[in-house]
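Asks: Here you go, one structure.
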Amino acid sequence: MVSLFPLESAGYANRGEAYYKMGQEEKALHDLTMVSLLEAEKQSIPERVQQLLSQLETSIGSRLARAELARRARDGDFVAFSSPFHSKKLPPPTKAACISRLAFYSSERSAAYNPDHLDLVTLTKRISDFSAGSSPSLGDLYLMRGGLLKSEKMFLHAAEDFAKAAEPASGCSQPFNALLETATFRCLCGDNAGARALFAELATMAAPGFEPNWENFYAKYATCLVSLDMKEALRVSGAAVEKFPSSAEMRLVRGFVLQSAGNTAEAMRVGKEGESEE
């Protein structure tokens, strides 16, 4: 049918769905894209075609991403997480950076940055068109877009936006979260010394209008310190457990710090205390 009526979208739609059911995703994507192009002017793209296009893009994108990660794993010279704060390749992450990475993925409440659920296109346009005195502030727009980019795993761009939101002149209404996000990325990139300075600033920062995620802050601060200042890491992690005695995350971090300091017995005791309180 497609060969007889090359400008009829129905043929492409039927063949595209057939390719999809046979697992021939690239061919299905081609045909269904043709449908969207042919129907674009009439703005009548079938809902089924839209659903299949979304599923195909996700599936193909995931497959390509897995292939790229496998390629990177084979490339000994590749640094998996390039830093927006450094122009050269970084050494492999320390244990502290790895633990901080785990804390990062379940960390700040990024969705809370964007209560109106503005999409990436809208946020980017508002940033480019921003004029002084507008609301929300430029810093809030960067924080919102950074949270959205982070949720989409676009970490380098997210880090850049968070750093801009953390600048005092940005007018961000959540400077604590903007700076915590920036410190997190510095730690993830191996810049633990730079992250430490930001964490120290956060420890004394007032946060009007909302309650900071202090557990997440302490987890990151302590693990960042492990490779820099073990005595301070022990102090911070101990203070975290005292402040949040029922927090499993605080005990996990405390145990990691103790084990890193060579005190395995104490690390096990902290872990058992946490189990007995559950």
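The values are calculated or read from the model by the stated rules, or taken from the named source; none is laboratory data. If you're wondering where the values come from, they're calculated on a predicted model, not measured in any experiment. Cβ sites come from the backbone with ideal geometry, for glycine too, and all protein chains shown count toward neighbours.
Asks: Hey, can you tell me all the residues within region 120-134 that are surrounded by 12 or more Cβ atoms within 10 Å (Cβ to Cβ) and not in a helix (DSSP H, G or I)?
Replies: 130, 134 - these are the residues of region 120-134 that are surrounded by 12 or more Cβ atoms within 10 Å (Cβ to Cβ) and not in a helix (DSSP H, G or I).
Asks: Something else: Just the residues that are small (Gly, Ala, Ser) and within 18 Å of residue 257 (Cα to Cα), please, taken from region 171-199. Steps first, please.
Replies: If we filter region 171-199 for residues that are small (Gly, Ala, Ser), which is where we start, we get 171, 173, 178, 183, 190, 193-195, 197.
Result: 190, 193, 195.
Asks: Mind counting the residues in region 167-178 that are surrounded by fewer than 24 Cβ atoms within 10 Å (Cβ to Cβ) and either modelled with pLDDT of 90 or more or assigned to a helix (DSSP H, G or I) (or both)?
Replies: Within region 167-178, residues that are surrounded by fewer than 24 Cβ atoms within 10 Å (Cβ to Cβ) and either modelled with pLDDT of 90 or more or assigned to a helix (DSSP H, G or I) (or both) number 7.
Asks: If you go through region 142-158 one residue at a time, do you hit one that is among the aliphatic types (A, V, I, L, M) and not in a helix (DSSP H, G or I)?
Replies: Yes, region 142-158 has at least one match.
Asks: Please enumerate the residues belonging to region 134-160 that are in contact with a Leu (Cβ under 7 Å, 6 or more places away or on another chain) and more than 19 Å from residue 220 (Cβ to Cβ).
Replies: First, pick out the residues of region 134-160 that are in contact with a Leu (Cβ under 7 Å, 6 or more places away or on another chain): 141, 144-145, 148, 157-158.
Within region 134-160, 141, 144, 145, 148, 157 qualify.
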